[in-house]
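J.: First the structure, which I've put down as structure tokens, then a few questions once you've had a look.
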Amino acid sequence: MIWFCAILVGALVSVADIFLLAENKSAKTCIHAVIRDVLTVNLSAFFIMKNVFKMDNLFTGATHGPHYESKYTLLALAVGIVFLCLIGLVNKSLQLERVTPKHRKGAMALKVVSAVFTALGCAAYTGTLWGKEAFGDLTPDQILINLNSPTEGTDTGVYISLFEGPVLTTALVTALFCIVVFSNLSLVYKKKEHSLKVIPALAVRIISFALAVAILVGGCAYGIEKFQLLTLYDAYMSASSYIEDNFADPKKVELTFPEKKRNLIFIYLESMENTFFSKELGGYFEENLMPDMAKLMKEGISFSHKEKGFGGMAKTPGSGWSVAGMVNMFTGLPMKVPVNGNSYGQPDNFLPGATALGDILEEQGYEQSIMFGAEAAFGGLNFFYQSHGNYNILDWLAVKEKGWLPKNYKQFWGFEDDKLYEFAKREITRLHKTGKPFNFVMETADTHAPEGYLSKHVEDKFWTRYANVVHYSQGEAVKFIRWIQKQPFYKNTTVIVVGDHLSMASEFFKDVTDYERTIFNLILNAPEKVTDIPKEHTFNRKWAPFDMFPTTLASLGVEIEGNRLGIGTNMFSGEQTLLERDGPETVEAELKNRSNFYNNNILVDWSTVGKN
């Protein structure tokens with residue numbers, strides 16, 4: 001059907017070309033015009049659909065809905081009209097004549113408004129395309145939180161792609177639009193003694209304004225739909241008491257630590273999910289991208305949502321990006337942004353009312369460090385870890401200050417994971433030598449979307465760059481864990497390895513369908529009295545990142561009154577999680593809504609209000 005539309009449009013454009021513009025109507029000239037017009041118009045239309053509208057399978061209409069052929073016909077006709085105008089201008093059948101508008105101020109105001117609308121609409125559309133490609137499925141909360149947080153530490157490639165994409169495209173489109181609108185030109189059709197104003201200057205201004213409004217409305221509508229902004233509005237217009245009703249306050253819950261406190265090494269693997277395993281192991285792909293991790297899984301406890309095969313945590317509202325994943329797993333709470341403008345990423349103002357894992361371990365005398373390959377100020381993580389546990393922060397800036405890297409060193413977000421593991425060994429060794437129980441947290445970065453960081457040691461074994469990066473990254477993580485297992489402190493150390501969230505590499509996952517993607521998890525060397533649980537406690541579980549908070553403490557041998565902290569549940573206990581008790585749909589709907597309890601008690605610490 002699409003081929004019929006292409007031929008029909010080409011034929012219509014050819015007829016208009018021959019009868020309106022061509023001086024010579026010989027058979028040879030007509031054949032040449034038909035071939036030229038059909039090919040040029042349709043190839044241009046397909047190019048626009050592929051590169052501007054980012055559509056795939058252009059010749060299979062069934063994949064694009066019932067009106068695909070009609071939309072293509074309209075687009076191709078628009079391209080054909082533009083093409084005919086260009087031909088007419090070249091052979092002078094069409095001419096541009098400058099006209100002075102009668103009402104100059106009104107005309108100028110209309111032009112300026114049209115230009116502004118065009119720029120805003122184009123920015124909204126191209127910015128949405130860029131955001132989806134660069135960061136995947138951003139949630140409304142994530143957008144608002146990041147707007148309120150510092151941007152230090154962002155990979156420079158993000159800024160470059162932003163300039164090369166939305167900024168450059170918007171500037172180019174707006175400039176071309178202004179050239180047409182501000183020129184005060186009329187399009188006149190002249191053939192022999194006949195002359196006709198095809199598009200008067202006034203019509204140009206009116207059409208341009210209508211087009212600008214359409215661009216603005218279309219661009220904004222596209223962004224609103226893709227980033228679920230109406231969902232955010234609806235959620236914050238509806239209050240929910242769900243978090244308050246299910247909140248177990250860590251300040252009030254009795255926690256009993258073992259006499260000999262265990263060390264904790266908590267490893268966040270960027271974007272690591274169970275999808276990367278082969279189908280026979282519970283993943284999605286025919287080839288196993290995580291063979292080394294699959295072997296390591298046999299040595300520990302991993303909670304799965306499946307009967308057989310590796311599985312893990314579900315993505316829940318307020319947990320789908322790095323900062324949010326950490327907040328969920330260390331406070332037992334989702335990360336939410338209020339409508340009253342409370343900002344994240346400020347000293348002493350990063351969830352000041354929450355009690356985090358770092359707060360609890362600091363009170364128990366733990367020495368705590370966290371290491372990033374990026375700058376910790378990104379998303380306000382430095383403020384989170386400083387105010388909730390007084391961690392020693394070793395980020396890209398800190399390691400350069402220590403002289404571990406040259407002052408001008410920058411790879412990817414800061415420094416690559418090859419160096420991260422090397423530096424982590426130094427810091428863990430130092431922590432052990434303090435003689436105190438320690439908590440070491442680290443986050444990798446090489447598997448960050450959209451394509452990851454390609455270490456010079458990565459082998460080209462799989463079908464895409466990202467697959468190769470994932471395979472290399474999981475292997476290096478296992479090597480690092482094997483080093484930990486050989487250290488003298490390991491017998492009294494629990495090691496937890498989790499994905500911080502689902503991967504945002506949207507292009508890599510575009511064909512992953514009919515599969516429930518879940519976040520990777522593995523707990524190694526927890527005390528036997530904790531891991532000696534019925535098998536059914538580890539399979540067919542529905543759970544969320546916030547359940548990791550009490551589960552992590554339990555893996556250190558801590559007895560938790562009621563087995564719940566925040567809104568999380570200790571997975572070792574076998575108690576029902578909120579997702580198991582209420583169902584994923586209910587939990588998701590409730591967590592999306594505004595929580596006055598969260599805004600008034602977690603975002604604010606009333607014990608410090610009014611104190612200096």
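J.: Taking the Cβ-Cβ separation of GLU559 and ILE160 as r and a Förster radius of 51 Å, what is the calculated FRET efficiency to the nearest 0.05? All intermediate terms of the calculation are to be shown ahead of the outcome.
T.: Working: r = 51 Å, r/R0 = 1.00.
Plugging the Cβ-Cβ distance into 1/(1 + (r/R0)^6) gives 0.50.
J.: Something else now. Packing-wise, with mean Cβ within 10 Å as the measure, how do 84-93, 285-294 rank, highest first? Don't jump to the answer; show the numbers that get you there.
T.: Numbers: 84-93: 15.2, 285-294: 18.7.
Those peptides, ordered most packed to least, come out 285-294, 84-93.
J.: Once phi is turned into ³J(HN,Hα) by the Karplus curve 6.51 cos²θ - 1.76 cosθ + 1.60 with θ = phi - 60°, what whole-Hz value does each residue of segment 47-56 show in order, with x for glycine and proline?
T.: 4, 5, 5, 6, 9, 9, 8, 6, 9, 10
J.: Okay, moving on. Quick one: if the Förster radius is 56 Å, what FRET efficiency do TRP483 and ASN349 give, using the C-beta to C-beta distance and rounding to 0.05? Before the final figure, lay out each step's value.
T.: Values: r = 38 Å, r/R0 = 0.67.
The computed FRET efficiency comes out at 0.90.
J.: What net charge do the residues around GLN364 carry, taking every other residue with its C-beta under 14 Å from that of GLN364, with Lys and Arg at +1 and Asp and Glu at -1? Working shown, then result.
T.: Numbers: positive: LYS260, LYS261, ARG262, LYS436; negative: GLU254, GLU259, ASP359, GLU362, GLU363, GLU367, GLU559.
Taking every Cβ under 14 Å from that of GLN364, the sum is -3.
J.: Let me ask something else about it. Cross-link list LYS279/LYS491; LYS400/LYS433; LYS226/LYS315; LYS407/LYS486; LYS260/LYS419; LYS510/LYS542: which exceed 30 angstrom alpha carbon to alpha carbon? Spell out each step's value before the answer.
T.: Details: LYS279/LYS491 34 Å; LYS400/LYS433 23 Å; LYS226/LYS315 18 Å; LYS407/LYS486 33 Å; LYS260/LYS419 32 Å; LYS510/LYS542 25 Å.
Pairs exceeding the cut-off: LYS279/LYS491; LYS407/LYS486; LYS260/LYS419.
J.: By per-residue mean of other Cβ atoms within 10 Å, what is the highest-first order of 529-539, 566-576, 369-379?
T.: On the way: 529-539: 13.0, 566-576: 22.3, 369-379: 25.1.
Put in order of decreasing packing, that is 369-379, 566-576, 529-539.
J.: Once amide H atoms are built 1.01 Å from N in the peptide plane, which residues 5 or more positions from PHE438, or in another chain, come under 5 Å H to H?
T.: ASN263, LEU264, GLU367
J.: Let me ask you something else. Just to be sure I understand the model, the point goes 7 Å from the Cα along the line to the Cβ. What's the resulting ASN51 to LYS306 distance in nm?
T.: Result for the modelled spin labels: 4.1 nm.
J.: Take the alpha-carbon centre of segment 414-430, take the same for segment 459-538, and report the distance between them in whole Å.
T.: 18 Å
J.: For LEU58, what charge total do you get from the other residues with a beta carbon under 15 Å from its beta carbon, if Lys and Arg give +1 and Asp and Glu give -1? Intermediate results must be reported in sequence, preceding the final value.
T.: Working: positive: LYS50, LYS54, LYS71; negative: ASP56, GLU69.
Charge balance near LEU58 sits at +1.
J.: Moving to a separate point now. Once the principal axes of the Cα atoms of segment 1-91 are found, what is the range along each, listed largest first in whole angstroms?
T.: Here the Cα extents, ordered largest to smallest, are 43, 23, 16 Å.
J.: For every other residue with a beta carbon closer than 13 angstrom to the beta carbon of MET326, add +1 if it is Lys or Arg and -1 if Asp or Glu, then tell me the sum.
T.: -3
J.: Provide the packing ranking of 1-7, 248-254, i.e. peptides ordered by the mean count of other C-beta atoms within 10 Å per residue, highest first.
T.: Numbers: 1-7: 14.7, 248-254: 13.1.
Averaged packing, sorted descending, gives the order 1-7, 248-254.
J.: Distance in nm between label sites at GLU225 and ALA175, each 7 Å beyond Cα in the beta-carbon direction?
T.: Computed distance between label sites GLU225 and ALA175 equals 3.1 nm.
J.: Read phi for every residue in segment 381-391 and hand back ³J(HN,Hα) as whole Hz from Karplus 6.51 cos²θ - 1.76 cosθ + 1.60, θ = phi - 60°, with x for Gly and Pro.
T.: Karplus values, whole Hz, x for Gly and Pro: 4, 4, 5, 5, 6, 6, 7, 10, x, 6, 5.
J.: OK, next. Assuming 0.36 nm per residue, please report the length gained on full extension of the stretch SER44 to LEU8 beyond their Cα-Cα distance. If you can, show how the numbers build up before the last one.
T.: Values: separation 36, 0.36 × 36 = 12.96 nm, distance 1.53 nm.
Here the answer is 11.4 nm.
J.: On to the next question. Suppose R0 equals 45 Å; then what is the FRET efficiency for ALA27 and VAL213 from their Cβ-Cβ distance, rounded to the nearest 0.05?
T.: Details: r = 46 Å, r/R0 = 1.01.
FRET efficiency, ALA27 to VAL213: 0.50.
J.: Now a separate question. Which loop-located GluC sites (Glu not before Pro) does segment 433-516 contain, where loop means any DSSP state but H, G, I, E or B and the Cβ has at most 10 other Cβ atoms within 10 Å? Intermediate results must be reported in sequence, preceding the final value.
T.: Values: sites: GLU443, GLU451, GLU459, GLU476, GLU507, GLU516; in loops: GLU451, GLU459, GLU507, GLU516.
Hits after loop and neighbour filter: GLU459.
J.: Within segment 7-55, which trypsin sites (Lys or Arg not before Pro) sit in a loop by DSSP and count at most 13 neighbouring Cβ atoms inside 10 Å? Show your work: numbers first, answer last.
T.: On the way: sites: LYS25, LYS28, ARG36, LYS50, LYS54; in loops: LYS25, LYS54.
Within segment 7-55, the qualifying trypsin sites (Lys or Arg not before Pro) (loop, at most 13 other Cβ atoms within 10 Å) are LYS25, LYS54.
J.: If amide hydrogens are placed 1.01 Å from N in the peptide plane, which non-local residues have theirs closer than 5 Å to the one on SER271?
T.: Long-range HN contacts for SER271: ASP500, HIS501.
J.: Under 15 Å between alpha carbons, and skipping anything fewer than 8 positions from LYS261 in its own chain: which aspartates and glutamates qualify?
T.: Qualifying aspartates and glutamates at Cα under 15 Å: GLU362, GLU363, GLU367, GLU528, GLU559.
J.: Next question. Could you go through segment 483-490 in sequence order and give the Karplus-derived ³J(HN,Hα) for each residue, using 6.51 cos²θ - 1.76 cosθ + 1.60 with θ = phi - 60°, rounded to whole Hz, and x for Gly and Pro?
T.: Once rounded to whole Hz, the list reads 5, 4, 5, 8, 7, x, 7, 4.
Every read-out reported here was derived from the displayed coordinates using simple, explicitly stated rules and does not represent laboratory data. Here the structure is a predicted model, which means the values were calculated and not measured. We place every Cβ from the backbone using ideal geometry, glycine too, and count neighbours over all the protein chains shown.
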